[in-house]
Amino acid sequence: MTAEDVKFSFDRVLEPGKEKKKSPQYGNVRAIKEVKIVDPDTIHIITDKPFPLLLERLVFFPIVPKKHIEKVGEEAFGSTATSGTGPWKLVEWKRDQYIRLEAFDQHWRGKPAFKSVVFRAIPEVATQVAELKTGGVDIIRNVSSDLMPDIKNNPATRISTTPILRVHYISLDMRSAPFDKKSARQAANYAIDKQAVIEKMMAGLGKQVATVVQPPAFGFDPSVQPYPYDPKNAKQLLAQAGYPNGVDITLHSAATEWRPHFEALGQMLTEVGLRSTVKMWDPGPAWNKFFQTEGKATNGTYGSWGNYSVFDADAVLHPLYHTEPGGWIGKHYTRVEGLDRLIDEARSSVDQPKRKRIYAEIQRMIREEAPSVFLWTQNDTLGISKKVAYEARPDEWLWLYAAKPVN
């Protein structure tokens with residue numbers, strides 16, 4: 001991997017018109033104006049204005065091989081001719097089934113403890129747990145609270161859990177009825193009993209949030225209070241929005257492991273008059289239809305955001321609420337006057353007290369305007385074989401190079 005590969009990787013995302021490819025990285029690094037090669041091991045990055053998040057953004061920016069992509073083409077690189085760097089090398093990939101990697105002995109950190117790593121796609125949670133208990137897999141993620149006792153009591157398995165930056169929300173389409181009305185969006189926030197879901201469905205491994213900005217992130221304002229559960233107020237606000245007899249809505253989600261929670265949310269909304277039909281996207285191509293159709297197939301989408309493991313308010317505010325072309329949800333759904341300007345101002349200042357003041361203003365603004373239903377944070381909860389020494393990480397990464405055999 002050389003400086004040439006690094007420059008190519010940035011240019012590939014940032015060149016004019018390239019954002020039309022909908023690179024998920026564009027919004028993260030669009031402040032970069034130019035990347036210059038100094039020598040084979042050094043690059044010089046120039047931003048269009050101050051960008052205090054640059055170093056953290058670079059941690060999550062994957063570098064791709066220039067000569068290989070130019071040889072095989074973008075489409076093949078993303079499907080049949082994948083290549084990269086790391087402690088394991090790609091051996092086999094069967095779409096929607098598994099990815100098989102084998103140790104790369106010359107990795108700069110040294111040879112990994114395990115010769116091979118296999119990532120398996122197992123959609124059914126019950127099957128995941130059965131495979132863990134019988135030794136078919138060593139780690140599973142997002143273990144639901146009802147399955148945790150089974151894993152804890154099994155002699156061959158254990159649980160590792162830790163709070164992470166991931167926050168759950170329902171993004172609302174502000175462009176069309178009913179969520180073009182603020183009172184309807186606020187009604188949706190009052191309709192959800194977040195504490196009941198956290199206690200009864202998440203074993204208490206989560207915390208209710210006032211907005212999508214969480215306590216560990218720079219810019220969090222503890223004075224902004226969460227929406228309480230108030231179904232009576234929700235019904236009144238819905239009537240105020242012009243729906244005294246309720247209204248039919250459709251919600252989508254691609255988070256298959258959170259389906260029970262999604263269905264509970266739909267039921268709570270229905271009870272106040274937001275009669276919800278909840279539908280699951282496939283995690284792959286069907287979810288991509290959201291971006292292709294600008295989210296028009298649905299009134300809202302339930303999901304979660306992990307902040308790219310960046311402990312800064314911008315890492316969630318920009319993708320969820322900024323309307324520029326490289327955004328994720330915001331460019332389709334969010335229409336809050338003045339919000340883009342504030343997000344831009346905060347992400348282009350190195351004056352930290354000023355940034356904190358702006359983020360406090362943003363949190364008050366989005367709490368009032370309710371572009372989302374603000375839900376809760378979660379833990380990363382892993383089911384792990386007792387043959388493997390590994391623990392859940394606060395940054396949510398699966399850093400398997402750190403995994404070791406117990407014996």
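Here are a few things to note about the model shown:
- Part-to-part distance (alpha-carbon centres) for region 220-291 and region 66-138, which is given in Å: 36
- Most positive-pole-ward Cα, Gln225, Val316, Ala392, against dipole of the chain from beta carbon charges: Ala392
- Modelled FRET efficiency - R0 41 Å, Ala121 with Lys33, Cβ distances, 0.05 increments: 0.55
- Cross-link pairs exceeding 25 Å in C-alpha to C-alpha distance, out of Lys49/Lys182; Lys66/Lys289; Lys200/Lys331; Lys194/Lys235, comprise Lys49/Lys182; Lys66/Lys289; Lys200/Lys331.
- Taking the helices alone, the chain has a mean residue ellipticity at 222 nm of -9500 deg cm²/dmol, built from -39,500 (n - 2.57) per DSSP H run of at least 4 residues and averaged over all its residues.
- The chain, accessible surface, carbon-and-sulfur percent (1.4 angstrom probe): 52
- All distinct Cα pairs of the chain go into the 1/r average, and the inverse of that average, the Kirkwood radius, is 23.1 Å.
- Rolling a 1.4 angstrom probe over the protein heavy atoms with all chains in place gives the chain an accessible area of 49 Å² per residue.
- Magnitude of the charge dipole for the chain, about its Cα centre and with charges confined to Cβ atoms of Lys, Arg (+1) and Asp, Glu (-1), is about 260 debye.
- With bins 10 Å wide beginning at 0, the percent of Cα pairs of region 1-139 falling in each bin runs 10, 29, 32, 21, 7, 1.
- Note on surface exposure: Arg120, Arg347 rank Arg120, Arg347 by accessible area, highest first, 1.4 Å probe.
- Contour excess over end-to-end distance, with Cα ends at Lys71 and Glu391 and 0.36 nm allotted per residue: 111.2 nm
- Normalised convex hull volume, region 229-321, alpha-carbon set, Å³ per residue: 134
- Normalised Debye scattering of region 255-402 at q = 0.15, 0.17, 0.21 Å⁻¹ gives log10 I(q)/I(0) of -0.99, -1.17, -1.41, counting only Cα atoms as equal scatterers and leaving out solvent.
- Over region 220-278, the reciprocal of the mean inverse Cα-Cα separation, the Kirkwood hydrodynamic radius, stands at 12.9 Å.
- Per residue, the average separation of C-alpha pairs within less than 8 Å and at least 6 apart gives the chain a relative contact order of 23 percent.
- Between the beta carbons of Asp230 and Thr323, assuming R0 = 41 Å, the FRET efficiency works out to 0.85 to the nearest 0.05.
- For region 192-261, the fraction of alpha-carbon pairs in successive 5 Å shells from zero, as %: 3, 12, 15, 18, 21, 19, 10, 2, 0
- Separation in nanometres of the label points that stand 7 Å from Cα toward Cβ, at Glu257 and Met1: 2.5
- Highest mobility in the GNM of the chain, judged by mean-square fluctuation with C-alpha springs under 10 Å and restricted to His332, His318, His44, is found for His44.
- Arg95 versus Val59: modelled label distance in nm, points set 7 Å from Cα along the beta carbon direction: 3.4
- Residues Asp105 and Asp11, FRET efficiency given R0 of 35 Å [Cβ-Cβ distance, rounded to 0.05]: 0.65
- Whole-number Å³ per residue for the convex hull built on Cα positions in region 148-302: 138
The values are calculated or read from the model by the stated rules, or taken from the named source; none is laboratory data. None of these values were measured; they are calculated from a predicted model. Virtual Cβ from ideal backbone geometry, glycine too; neighbours counted across all protein chains shown. The accessibility values were calculated without ligands, DNA or RNA, using every heavy atom of the protein model including side chains. Shrake-Rupley method; radii C 1.70, N 1.55, O 1.52, S 1.80 Å.
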